[in-house]
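The values are calculated or read from the model by the stated rules, or taken from the named source; none is laboratory data. Given the structure is predicted, the values throughout are model-derived calculations rather than measurements. Only protein heavy atoms, including side chains, enter the accessible area calculation; ligands, DNA and RNA are left aside. Shrake-Rupley method; radii C 1.70, N 1.55, O 1.52, S 1.80 Å.
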Amino acid sequence: MPKTQAGSPSVRALVVLAVIAGTALALDQFTKYLVVSNLPLGERVSVLGEFLYFQFVKNPGAAFSLAAGSTWIFSILATAVTIAILVFARKIRSIGWAVVFGLLLGGVLGNLSDRFFREPSFGLGHVIDFISTPWMMPAIYNVADICIVSSMGLFVILTLRGVNLDGTRTVAVKDDAGAVPTDEKNGSSDETTRAAQTPVSGPNHTAA
């Protein structure tokens, strides 16, 4: 299998990112369409008792109904995040990280679409929320919010496992002196390199 050169984007990773983002966006907008079309504003419908119910609300704030009244600020921030992901995507060659940024991009675009194209006006539109799990949190949220939170969880997992954006993994090699970071791609470390370059005294070595 041919290796991707350093600095060049992975077509496979970009495709995964685009598919994940597109699927997340489509699912978010489709569920919101169903809610707006079939559920009266404010009405509560039990799905699994108090474990899960749907309640159609319009959220002018951030994810999970936070900071209501600052819609235009979140519209600007979401736009900036979207642009940053699109620019940053060329550096991603790890499928895991492609999934992270795909979920994040799809979630951000889902809520940003509401802010741009729903009432009351462009950039100030209210986000459609409808999922409630009171046993877990008091806020009402949507599919886009789930995608964003899931991307953050996967971000933590990949970071803890030492998975880099280029698909390599950083591991720690322990010795008497402690842990030494090692790039799994070439299996070397700075300490190993320094040890290899240190001259070894022997019978043929005399002190000056």
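Taking amide H as placed 1.01 Å from N in the peptide plane, the amide H of Phe56 sits under 5 Å from that of Gly42, Glu43, each at least 5 places away or on another chain. Computed from backbone phi, the HN-Hα couplings of region 86-95 come to 5, 6, 6, 4, 5, 8, 8, 10, 9, 5 Hz, rounded to whole numbers (Karplus: 6.51 cos²θ - 1.76 cosθ + 1.60, θ = phi - 60°; Gly and Pro given as x).
The phi torsions of region 140-153, fed into the Karplus equation with coefficients 6.51, -1.76 and 1.60 and a -60° offset, translate into couplings of 9, 9, 9, 5, 4, 4, 4, 5, 5, 5, 4, 5, 5, x Hz, rounded to whole numbers, with Gly and Pro shown as x.
Can you work out the accessible area per residue across region 109-163, with the rest of the protein chains kept in place, probe 1.4 Å, in square angstrom?
Values: 2670 Å² over 55 residues.
That works out to 48 Å² for each residue.
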